[in-house]
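Engineer: I am attaching a structure below and will ask some questions about it afterwards.
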Amino acid sequence: MSFEEVKKYIEENKEKDNSLKEYLQGFNAYTVEGVQKFIVDNKEATSWLDSEKDKHLNKGIDTFKSNNLQKLIDEKVKELYPTADPKDQELKKLQSEIENIKRESSRKELTNKALKVVTEKKLPVSLVEYFIGADEESTLKNLETFEKTFTSSVTSLVDEKLKSSSYTPAGDDKNKGNADPFLEGLGL
């Protein structure tokens, strides 16, 4: 029997044949609600459905990975680390060089200004490099602080040296025995 013949037989005999009628009624149980009830009530059916869902989900994830993931990764990498045009890179390099030249020029000007100030104030020239600031104002302020510190240090050292090596002349008192023996011999 072909499918068409079976179909024709069922149509002609569905009302007459009780066994065929009962058989066809069994197919009515396969509604969405009936399938859901069957799956909830039957643990084997639940397990089978879960494994089918997992297979489908894994297949979907694999498809997503193969079709879209690399593109998304590349876009994110490009966003985080944009590739610059060679012209832009060259421009940045030149701008950096210009900034370095400006800083060096400014430093030379500040050094020359500082050397002039140090020479006028008779401070040690060899220490000038340590007091160069970011601009002329800070450099002059650093030199002023250095001058005050250096001057006070030199003054205290000179005072200390003078106090420790000062000569006290002998007095007129001959009884103290502090007179020079040569001078005593002369009667002086």
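What follows draws every value from the coordinates through simple rules; no lab data is involved. Here the structure is a predicted model, which is why all the values come from computation and not from measurement. Positions of Cβ are backbone-derived with ideal geometry, glycine not excepted, and every protein chain shown enters the neighbour counts.
Engineer: When the Karplus curve 6.51 cos²θ - 1.76 cosθ + 1.60 is applied with θ = phi - 60°, which whole-Hz ³J(HN,Hα) does each residue of region 35-43 get, with x for Gly and Pro?
Structural biologist: For region 35-43, the Karplus curve yields 5, 4, 4, 4, 5, 5, 7, 10, 5 Hz.
Engineer: Write down the radius of gyration of region 88-163 and its Dmax, each obtained from C-alpha positions, in Å.
Structural biologist: Rg and Dmax of region 88-163, Cα atoms, are 18.0, 70 Å.
Engineer: Is there a quick way to get the dipole size of region 3-78? I mean about its Cα centre, with the Cβ of Lys and Arg at +1 and of Asp and Glu at -1; what is the value in debye to the nearest 20?
Structural biologist: The dipole magnitude comes to about 520 debye.
Engineer: Using amide H atoms built 1.01 Å from N in the peptide plane, name the residues 5+ places from ASP17, or on other chains, whose amide H lies under 5 Å from its own.
Structural biologist: none
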